[in-house]
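Enquirer: Okay, handing you the structure first.
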């Protein structure tokens, strides 16, 4: 995705959740699913709002995963799938996003002070 300026648009928390799903399941958004819309919505919300709405996001993920038959592949660390396990998966993706943005900010500060 690119901004109007031609630069690559910054990645958001929805992108990081998508990456985690792709890595775990190999699945990408399909025509007719709401995945791309949810990714964009999470990116607009930002990290704080995504954390506040984690139950809602986990609910979206559960619905799509059940439709596609990959819910068990999503959560491999527990013997059963619960809403809390899905929330933990979403929280891990949000943590990855947060670490990435912190690293970018540090890099930006290093470049500015040089």
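Enquirer: Limited to region 33-47, what total is found for residues that are within 20 Å of residue 100 (Cα to Cα) and either in a loop (DSSP other than H, G, I, E, B) or touching a helix residue (DSSP H, G or I) at 6+ places or on another chain (Cβ under 8 Å) (or both)?
Expert: 8
Enquirer: While we're on this one: From the list 30, 22, which one is farther than 18 Å from residue 99 by Cβ and in a loop (DSSP other than H, G, I, E, B)?
Expert: The match here is 30.
Enquirer: So for region 59-82 (the condition being closer than 23 Å to residue 105 by Cβ, modelled with pLDDT under 90 and out of contact with any strand residue (DSSP E or B) (no Cβ under 7 Å at 6 or more places or on another chain)), does at least one residue qualify? Full working, then the answer.
Expert: The initial filter retains those residues of region 59-82 that are closer than 23 Å to residue 105 by Cβ, namely none.
No, region 59-82 contains no residue that is closer than 23 Å to residue 105 by Cβ, modelled with pLDDT under 90 and out of contact with any strand residue (DSSP E or B) (no Cβ under 7 Å at 6 or more places or on another chain).
Enquirer: Tell me, yes or no, whether region 48-61 has at least one residue that is farther than 15 Å from residue 91 by Cβ and part of a helix (DSSP H, G or I).
Expert: no
Enquirer: Shifting gears a bit: Considering 40, 48, which residue is at pLDDT 90 or above and loosely packed, with under 12 Cβ neighbours inside 10 Å? Steps first, answer last, please.
Expert: Working: 40 fails: loosely packed, with under 12 Cβ neighbours inside 10 Å.
Going through 40, 48 in turn, the sole match is 48.
The values are calculated or read from the model by the stated rules, or taken from the named source; none is laboratory data. Every value quoted in this text rests on a predicted model; they were computed, and no experiment measured them. Neighbour counts run over all protein chains shown; Cβ positions are idealised from the backbone, glycine included.
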